[in-house]
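The values are calculated or read from the model by the stated rules, or taken from the named source; none is laboratory data. Keep in mind that this is a model prediction, so the values were computed, not measured. Glycine gets a Cβ as well: all are built from the backbone with ideal geometry, and neighbour counts include every protein chain shown. Please note that ligands, DNA and RNA were not included when accessible areas were found on the heavy atoms of the full protein model with its side chains. Shrake-Rupley method; radii C 1.70, N 1.55, O 1.52, S 1.80 Å.
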Amino acid sequence: MTILRTTSSAVPGVLGGDPAFPAGLAFNRPSLPDTRPLLARLERILASGQLTNGPTVAELEERVAARLGVRHAVAVSSCTSGLMLTFQALGARGPVVMPSFTFSAGPHAVRWAGGRPRFADIAADSLCVDPERVRPLVAGARAVSATHLYGTPCRTEELDEVAGAAGIPLVYDAAHALGARRRGRPIGGFGKAEVFSLSPTKVATGGEGGLVTTDDAALAEALRIGRNYGNPGDYDCAFVGLNARMSELHAAVALHSLQALDEHIARRTVLAGLFWRTLAGVPGLRGPRVEAGDVPTHKDLTLLVDAGPFGLSAAQLGAALRHERVESRRYFHPPAHAQTAYRDLLPAPPLPVTELAARSVLSVPLWSHMAPAQVVGVADAIVRIHENADAVRTCPLMQEVA
Ligand SMILES: *Cc1c(COP(=O)(O)O)cnc(C)c1O
């Protein structure tokens, strides 16, 4: 096996070698194309005096609806608030079948809307919720929610069938998935609604922000009222809403970011391919599986570490990478059902695939304009750590890490 070494030392940083990135490597950096036209637009918005409820949000909503082939796109202040308003509008005040292996904002939104997560296990290959694990849990549930995890499309057809048979709505947490496609169709048009995030760690960003897409006119209307305190316009609030509006300034940043979305996804695909090619032959590492024909966003570059063959656990690899000055994250560890906020739901049903995935995951740096040499540098550092796994595992700096 020939792997091009790009660093000066073959000794991992944790064993006293030079770190792979002496100046440090961030986990994520937002990518915005040439900002000059954006700045001009922001100046026009500021000069107009209309900072909210204006034409820029409307333009963003039209652009997104057209792009995703849906009737309605409703811009909101965040994916979290979009999920809260969606679950509220759908009357999900009861059990909601959803993965525990997802970002906490999903279960939080269910709770804020008066519902209760009923956690279902995930599929071992994709790490998205397993429709066959959802099926036995839908009795008495008010909704099903699934996450296109890391931007990998869910098995939408089976989830549709399971939720449809139970007569309950299916809501996608599509925070990672703007620009993804399932069997050729854009993510955004599946289920009752899909909820996107435009926060800074996502592939397209507004600084902060979210979008709910749906073909249901009544739901879209409820979301428009709900994001504005529940006020339908006459200050006689129809229900208890939020201030979950997106500002004109955020909408302008989002429109600008969206222009480069396809290019950014294409770049991430190339970078992820380069990463895995550099790691070819290293045992005990794999990524979440994407079905042939689907387009993922590669929102995260996530590894599943099998500690036996690799020689170190995901936590140990993350700690060793810290000594290479490479930031990593445990997306998603601990899973929601193991978090303090959900302790009252214990004992959780058995979630063996979730537990294993949570122990095994490590996400490493990836952003759209990351240099290929940086991606190779991280992969090389992982190779080096693996080649020295025994010494790394037993070295004094690693004593605290399981
Ligand atoms: C980021 C994220 C959210 C929350 O998005 P915000 O826009 O920050 O509220 C929800 N779900 C998942 C899966 C996420 O990664």
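Restricting attention to region 108-124, the residues that are within 10 Å of the ligand (Cβ to nearest atom) and open to solvent by less than 10 Å² (accessible area, probe 1.4 Å) add up to 1. For region 88-111, a residue qualifies if it is closer than 16 Å to residue 197 by Cβ and of a type in the set (Phe, Trp, Tyr), and exactly one does: 103.
Could you check region 241-313 for helices (runs of 4 or more DSSP H) lying wholly inside it with 2 or more residues that are under 19 Å from the mean Cα position of the chain (by Cα)? Steps first, please.
On the way: elements: 248-258, 261-278, 307-310.
Filter on region 241-313 gives 248-258, 261-278.
When 325, 329 are screened for being surrounded by fewer than 23 Cβ atoms within 10 Å (Cβ to Cβ), within 16 Å of the ligand (Cβ to nearest atom) and in contact (Cβ under 8 Å) with a residue 60 or more places away in the chain, only 329 passes. Residues in region 45-61 that are assigned to a helix (DSSP H, G or I) and surrounded by 12 or more Cβ atoms within 10 Å (Cβ to Cβ): 45, 46, 48, 55, 56, 57, 58, 59, 60, 61. Is it the case that region 216-225 has a residue that's more than 12 Å from the ligand (Cβ to nearest atom), open to solvent by 10 Å² or more (accessible area, probe 1.4 Å), farther than 26 Å from residue 287 by Cβ and part of a loop (DSSP other than H, G, I, E, B)? Within region 216-225 (the criterion being more than 12 Å from the ligand (Cβ to nearest atom), open to solvent by 10 Å² or more (accessible area, probe 1.4 Å), farther than 26 Å from residue 287 by Cβ and part of a loop (DSSP other than H, G, I, E, B)), the answer is yes, since at least one residue qualifies.
Which of the residues spanning region 62-82 are more than 16 Å from residue 242 (Cβ to Cβ) and within 16 Å of the ligand (Cβ to nearest atom)?
Listed by number, the residues that qualify are 64, 73.
All of 242, 249, 255 fail the test of being under 21 Å from residue 56 (Cβ atoms) and either free of Cβ contacts under 8 Å to residues at least 24 places away in the same chain or open to solvent by less than 10 Å² (accessible area, probe 1.4 Å) (or both), apart from 255.
Looking across region 62-87, the residues that are more than 16 Å from residue 169 (Cβ to Cβ), open to solvent by less than 40 Å² (accessible area, probe 1.4 Å) and part of a helix (DSSP H, G or I) come down to 64, 65, 68, 79, 81.
Could you identify the single residue in 90, 127, 159 that is open to solvent by less than 10 Å² (accessible area, probe 1.4 Å) and away from the ligand (no atom under 15 Å from the Cβ)? Of the residues listed, the single one that is open to solvent by less than 10 Å² (accessible area, probe 1.4 Å) and away from the ligand (no atom under 15 Å from the Cβ) is 159. Counting only residues that are open to solvent by less than 10 Å² (accessible area, probe 1.4 Å) and among the β-branched types (Val, Ile, Thr), region 333-362 holds 2 of them.
Being of a type in the set (Gly, Ala, Ser) and more than 30 Å from residue 369 (Cβ to Cβ) is not true of residue 209.
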